[in-house]
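Data first, discussion second: the structure below is written as structure tokens.
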Amino acid sequence: MRFGFDNYQHTGASVAWSAGRIGVSELAREIELINDPNVFLFMHYQDSILPGRGYSRLVDTQNGLRLYSITWQELIEYWGFIVSVRVSCEKPENEAEILERTKGFVRDLSDHVTQDNIDIELIVWNHNVRRFSYCRQSDTFIDFAERRVRP
């Protein structure tokens, strides 16, 4: 007798969400992220390893779920997860200071998880969102707004 799911896309999304939460909790404890209440770490499933196959790495329509013990390292290396960062800033006058502190943290995080690109969202008190991407190979932060303006 085989166990299966009617809607493997929905099930796959649920499994990915749960696996990401578990992985990011483990990673946060390891890098002591809890010391900064303004920084939130996320782990997302990406479809870049097998484009167009959706959650097929997590849920197989023939065999169901592939459940076993997994670490945050395995989520990144084998399952196609990536890490991203969200930072909240309650006062606009603190934005530059928080951004600089975040850049240092993201550099360390990128080295720790060996991820070449990390997306960062900086949310300022008035819900203004600035998006950046860190490139580990060139050690640069690119503001998405700047990226759109450049030819």
In this structure, the FRET efficiency calculated for residue 93 and residue 28 from their beta-carbon separation, with R0 = 22 Å, to the nearest 0.05, is 0.20
Taking 140, 71 and counting other beta carbon atoms within 10 angstrom, the fewest-first order is 140, 71
Rounded to 0.05, the calculated FRET efficiency for the beta carbons of residue 103 and residue 44 at R₀ = 30 Å is 0.90
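FYI, it's all coordinate maths here, none of it is from the lab. Remember, it's a predicted structure, so these values are computed and weren't measured experimentally. Neighbour counts run over all protein chains shown; Cβ positions are idealised from the backbone, glycine included.
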